[in-house]
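The values are calculated or read from the model by the stated rules, or taken from the named source; none is laboratory data. Since we're looking at a predicted model, the values are computed, not measured. All Cβ positions, even for glycine, are placed from backbone atoms using ideal geometry, and neighbour counts span all protein chains on display. Side chains included, ligands, DNA and RNA excluded: accessible areas come from the protein's heavy atoms. Shrake-Rupley method; radii C 1.70, N 1.55, O 1.52, S 1.80 Å.
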Amino acid sequence: METARTGVLPATIPFWETVAVDDKLVGVVSILRDAPDKPYKARRGGAWVTHGRVGTTTRDATREEERLYQQSGLVRYGLKPVIGSSPVDLDLRRLTEYLGRILEGDVPAEDDERGWDRLLRNLELVTGPPEHPVATVNGCLLFGLDPRRLLPQSGIRAVCYVGDEPEYATRADEIIGGALVPLHMRNGMKMEGGLVDLAWDFVRRNTAPSAHLDGMRRIDRWEFPEAAVREAVANAAVHRDYGIVGTHIMLSIFSDRLEVQSPGRLPNTVTTEGMRLGLRYARNQTLMNVMRDYGYVDARGMGVRNRMIPAMRAHNDTEPDLIAEEHRFTVRLWKHGRDDGG
């Protein structure tokens with residue numbers, strides 16, 4: 001137990017149990033086969049090294065080999081176990097709604113532990129040995145009761161600035177947390193919003209709509225089109241690199257624009273021009289599939305082309321800026337169009 005804590009970087013938390021063998025008690029230390037922070041490093045004197053297996057020999061991995069391993073897709077971060085979690089950290093209400101109302105499938109009885117375990121494993125929301133089931137990253141993100149407690153990097157940092165640059169003075173500054181998917185009542189009315197809904201609520205609270213009459217009906221026109229904002233936030237939530245800890249998705253409202261920044265670089269072969277043309281990609285296919293089932297993302301994976309760009313053109317005749325950098329990806333939506341001083 002001490003070696004796992006002090007001899008591995010980052011430290012891992014193994015399971016301890018006592019087993020009776022031939023009238024003796026034996027302590028057993030077990031470690032999950034897949035852990036969330038591969039590749040791990042082992043201590044060698046005062047240094048930390050990563051070992052790689054080549055044929056029958058073990059050798060030190062180079063930094064380039066570590067980088068290639070992390071970018072290869074072999075590390076499916078969403079399927080990793082969340083250390084310290086268990087299936088009880090998942091919201092049974094949201095799971096029941098997803099399986100029953102959304103997928104129109106059979107839902108196990110609440111006390112059918114074996115049925116729930118089998119189903120959640122098939123959906124890749126739970127993993128680990130049968131005696132120590134734990135929630136996966138995807139399970140916590142999609143259906144977690146309190147995702148930020150187990151995954152501090154989840155959620156959204158939302159800030160509304162006074163001017164057009166980041167500064168100390170703000171109108172609002174908060175952390176938006178919660179499950180990615182919403183919860184509805186039996187009659188279909190939304191009881192609790194998902195993360196995208198909560199982000200849009202923040203935008204509505206911190207922007208001022210204009211209004212006009214269409215006959216006897218009042219029409220509100222928000223400073224930023226709802227479809228474009230929702231698409232930008234949903235894409236960030238689905239495609240961000242959750243392996244980068246210590247940072248959130250950033251939702252920033254300025255006097256002249258709105259920005260959504262997603263931690264992590266674009267996946268290999270993906271370009272901003274390709275996204276505009278409808279290139280389909282998914283860093284995390286499970287998140288993509290579930291959010292598609294709820295209608296948050298385009299079923300064909302072309303939300304930028306089919307939702308965001310048309311929404312901005314119709315709103316103020318602009319297009320979103322898509323900015324790819326080494327460690328983040330930014331979507332920028334402009335408040336003013338060509339005919340109103342923008």
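Against the 2.2 N^0.38 Å scaling, with N counting residues, where does the chain land? I'd like the Cα-based Rg ratio to two decimal places.
Computed over Cα atoms of the chain, the ratio equals 1.14.
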Item to check | Two-site label geometry, Val54 and Glu192: point separation in nm, points 7 Å out along Cα→Cβ | outcome: 5.1 nm
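Sort the following peptides by mean Cβ neighbour count (other Cβ atoms within 10 Å, averaged over residues), highest first: 198-208, 216-226.
The peptides rank, most packed first, as 198-208, 216-226.
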Item to check | Per residue solvent-accessible surface (Å²) - the chain, probe of 1.4 Å | outcome: 55 Å²
Checklist entry - What is the range 80-224 by shape, rounded, prolate or oblate, if you read a ≥ b ≥ c off the alpha carbon gyration tensor as root eigenvalues and call it rounded for a/c under 1.5, prolate for a/b larger than b/c, and oblate otherwise? => result oblate
Item to check | aspartates and glutamates with Cα under 16 Å of Lys41, excluding same-chain neighbours fewer than 8 positions away | outcome: Glu2, Asp60, Glu64, Glu65, Glu66
Checklist entry - Quick one: length gained pulling Glu2 to Val245 fully straight, 0.36 nm per residue minus the C-alpha distance? => result 85.1 nm
Checklist outcome for this item: Here, Arg204 and Thr62, labelled 7 Å along Cα→Cβ, have an inter-label distance in nm of 5.5 nm
Item to check | the chain, accessible surface, carbon-and-sulfur percent (1.4 angstrom probe) | outcome: 50 percent
Checklist entry - Given Ala199, Cys160, His184, which one lies farthest toward the positive end of the charge dipole of the range 156-213, if we put +1 on the Cβ of every Lys and Arg and -1 on the Cβ of every Asp and Glu? => result His184
Checklist entry - In percent, how large is the relative contact order of the chain, given Cα pairs closer than 8 Å and 6 or more residues apart? => result 12 percent
Checklist outcome for this item: Filtered hits (aspartates and glutamates, Cα-Cα < 13 Å from Lys190, offset >= 8 within chain) -> Glu97
Item to check | Derived scalar couplings ³J(HN,Hα) [the range 312-326; Karplus, 6.51 cos²θ - 1.76 cosθ + 1.60; whole Hz; x for Gly, Pro] | outcome: 6, 5, 5, 6, 8, 6, 10, 10, x, 7, 10, 10, 9, 10, 4
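Express in nm, to one decimal, how much length is gained between Ser86 and Arg157 on full extension, taking 0.36 nm for each residue of separation and deducting their alpha carbon distance.
Value of the extension gain: 22.9 nm.
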